[in-house]
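What follows is a single structure, written as structure tokens, with notes after it.
The values are calculated or read from the model by the stated rules, or taken from the named source; none is laboratory data. It should be emphasised that the depicted structure is a prediction, and the values quoted were computed from it without experimental measurement. Just so you know, the surface numbers come from the protein's heavy atoms only, side chains and all, with ligands and any DNA or RNA stripped out. Shrake-Rupley method; radii C 1.70, N 1.55, O 1.52, S 1.80 Å.
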Amino acid sequence: MVKDPVCGMEIDAKKAKNKMNYKGKVYHFCSPSCRWAFEQNPQQFVK
Ligand SMILES: [Zn+2]
């Protein structure tokens, strides 16, 4: 399981369709809207 950095939801990485590569790391999202939020301001969600 991986964590959606935007809302904190646990996601099965094998089933996740919403993902994005940021600075060499792949992030998974529960929905397109969380992915969109991450795209707008990745720094806010990456520690
Ligand atoms: Zn989410």
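Find the lysine pairs in the chain meeting two conditions, Cα atoms under 15 Å apart and a separation of 8 or more places or different chains, and report how many there are. List each step's numbers first, then the result.
Working: Lys3/Lys14; Lys3/Lys15; Lys3/Lys17; Lys3/Lys19; Lys3/Lys25; Lys3/Lys47; Lys23/Lys47; Lys25/Lys47.
Summing the qualifying lysine pairs gives 8.
Counting only protein heavy atoms and a 1.4 Å probe, tell me what percentage of the chain's accessible area is made up of carbon and sulfur.
Numbers: 1840 of 3530 Å².
Carbon-and-sulfur percentage of accessible area, whole number: 52.
Can you give the percent of C-alpha pairs in the chain whose distance is more than 14 Å?
38 percent
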